[in-house]
Each structure stands twice: as structure tokens, then as C-alpha cells.
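Accompanying notes for the structure given below.
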Amino acid sequence: MEENVFETIAKKYDSTERIELANIIAHKVREELAQAKEKTLIDYGSGTGLIGLQIADSVKNAILVDSSENMVEIINDKVAASNIQNVQTFVADFTKDTMDIKADIVLVSLVLLHIPDTKIILEKLYKTLQTDGKLIIIDFDKNPNVYHPKVHNGFVADELKALLTSTGFKSTNIQQFHHGEKVFMKQDATLFIAVSKK
Ligand SMILES: C[S@@+](CC[C@H](N)C(=O)[O-])C[C@H]1O[C@@H](n2cnc3c(N)ncnc32)[C@H](O)[C@@H]1O
């Protein structure tokens with residue numbers, strides 16, 4: 001079976017650089033959670049929970065989902081060592097597994113670039129959202145300097161917006177919010193937030 005790189009790096013995932021970037025992302029995502037105190041949020045591809053655990057206090061329930069068992073194990077350890085009461089975790093890959101969970105908000109931060117078929121995962125996340133739900137995508141702008149056979153080298157805003165519209169989302173607003181040095185496969189890159197309404 002093919003090795004999952006995230007299983008291998010899970011234990012050393014929380015580097016200073018990744019924590020810094022996650023804090024910038026969490027700060028931006030919080031702006032979208034101003035009225036979410038009674039809502040359920042899924043952080044899809046949550047990694048070690050650097051963002052999901054940080055924003056859990058802005059929602060009623062936070063469900064952290066990742067396809068890597070080792071990543072989820074680290075979240076579980078963090079939750080056990082904290083006072084956080086409203087977090088559930090699952091190991092799942094929605095491109096293959098069917099899970100009977102629904103959310104008002106789905107966050108996908110730095111995950112879309114790792115999933116080969118963007119259309120399929122957007123369709124699955126669309127189905128996971130309640131009517132009037134909100135999808136929040138954080139990812140990198142397309143960067144021709146990045147090349148990796150298994151990773152999208154970012155996204156073009158207009159193309160992603162068209163894909164979200166064809167998936168069924170009523171509206172999408174995309175905004176760049178951070179430019180960082182060496183943050184995307186050792187290349188400088190711009191982060192965007194795309195907020196889509198179902
Ligand atoms: C770069 S990390 C991002 C972690 C976190 N969202 C953040 O922004 O800090 C990507 C995560 O997506 C997960 N992942 C990759 N493909 C996935 C899939 N098809 N379904 C669920 N999780 C996936 C990986 O296991 C990894 O934990």
C-alpha cells in the first residue's frame with residue numbers, strides 16, 4: 001500500500017513555522033465565525049488540530065476529520081490534556097468514505113491542494129453542509145514555481161469560483177489575506193480565503 005506522507009510526519013508536524021501560519025489562518029477564519037456560537041463546524045483535513053482546536057471556542061461543536069490516523073491521535077492527546085469539551089474527532093477520507101454527519105460550516109485549510117480531484121471533494125463537502133451552510137476554503141494562489149507530482153501548485157481564484165458554482169454553491173467570495181516567505185514548498189506564496197454559501 002502507498003505510504004501516506006502525513007502519517008509519517010504527524011509527530012513532527014507542529015513546527016514553529018506551521019504554528020505561525022496556522023495562527024494567521026485561525027485569526028482570519030475567526031472573522032467568519034462571529035455569529036457561529038450555536039453552529040457545528042467540521043474542520044476537514046484538520047491535521048494536528050492547529051486551527052480546529054483554536055477556533056473550537058467560537059462554535060457549539062467542532063468535528064475534526066482527517067484521513068491520517070496519526071494526525072487524529074495527536075489531536076486526541078491534545079484534547080485529553082486540555083479543558084476542551086466540544087471537540088469530536090474522526091479518521092475519514094470523504095473522497096472514499098461515506099459519513100453520516102452534517103455541519104453548518106466546513107473549513108478546509110491547506111487540504112484541497114493535497115486532494116487530486118478537487119471537484120469530487122467539493123461535491124462531498126457540499127453534501128455534508130446543511131442548507132444555508134458555509135464552506136470556508138483556505139489555500140494558496142497558483143504558483144508556477146511550485147512543482148510536486150502529488151500536490152496542486154495552488155488555485156486560480158476564477159477557476160475555483162467557477163468550480164464551486166458548478167458544484168451548486170449560490171455564492172463565493174474570494175480574498176487574498178497573507179503573503180508569506182517560503183510557506184508553500186519552500187516558495188513564497190499568497191494565501192486566500194474562499195467563502196461559499198450553499
Ligand atoms: C497541510 S495539512 C493541513 C492541516 C490543517 N488543516 C492546517 O491548515 O494546519 C493537510 C492535512 O490534510 C489531510 N488530508 C489529505 N488528504 C485528505 C483527504 N482526502 N481527506 C481527509 N484529510 C486529508 C492530511 O492528512 C493532513 O493532515
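Summary of values
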quantity: Selection within region 85-98 - in a loop (DSSP other than H, G, I, E, B), surrounded by 13 or more Cβ atoms within 10 Å (Cβ to Cβ) and near the ligand (Cβ under 10 Å from one of its atoms); calculated: Ala92, Asp93, Phe94, Thr95
quantity: Any hit, region 76-84, residues being open to solvent by 20 Å² or more (accessible area, probe 1.4 Å) and touching a residue at least 60 places away in the same chain (Cβ under 8 Å); calculated: no
quantity: Region 19-54, subset among the basic types (Lys, Arg) and within 14 Å of the chain's Cα centre (by Cα), residue nearest to the ligand (Cβ to nearest atom); calculated: Lys28
quantity: Sole exception among (1) buried (at least 17 other Cβ atoms within 10 Å of the Cβ); (2) assigned to a loop (DSSP other than H, G, I, E, B); (3) not hydroxyl-bearing (Ser, Thr, Tyr) for Asn145, by number; calculated: (1)
quantity: Residue in region 99-107 that is without any contact (Cβ under 8 Å) to a residue 40 or more places away in the chain and near the ligand (Cβ under 9 Å from one of its atoms) present; calculated: no
quantity: Odd one out for Ala103, checked against (1) of a type outside the set (Ser, Thr, Tyr); (2) open to solvent by 70 Å² or more (accessible area, probe 1.4 Å); (3) over 14 Å from Leu164 (Cα atoms); calculated: (2)
quantity: Region 25-53 residues that are polar (S, T, N, Q), paired with ones that are near the ligand (Cβ under 7 Å from one of its atoms) (beta carbon under 6 Å, 6 or more apart); calculated: Ser46/Asp66; Thr48/Met71
quantity: Given (1) of a type in the set (S, T, N, Q); (2) under 28 Å from Lys96 (Cβ atoms); (3) more than 18 Å from the chain's Cα centre (by Cα); (4) not in a helix (DSSP H, G or I), number of the condition Ser166 does not satisfy; calculated: (4)
quantity: Filter result (part of a loop (DSSP other than H, G, I, E, B) and open to solvent by 50 Å² or more (accessible area, probe 1.4 Å)) within region 106-142; calculated: Pro116, Asp117, Lys142
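The values are calculated or read from the model by the stated rules, or taken from the named source; none is laboratory data. Since this is a predicted model, take the numbers as computed values, not measurements. No Cβ is skipped: glycine too gets one built from the backbone with ideal geometry, and neighbour counts run over all protein chains shown. Ligands, DNA and RNA are stripped out before the accessible areas are found, and what is left, the full protein with its side chains, is counted by its heavy atoms. Shrake-Rupley method; radii C 1.70, N 1.55, O 1.52, S 1.80 Å.
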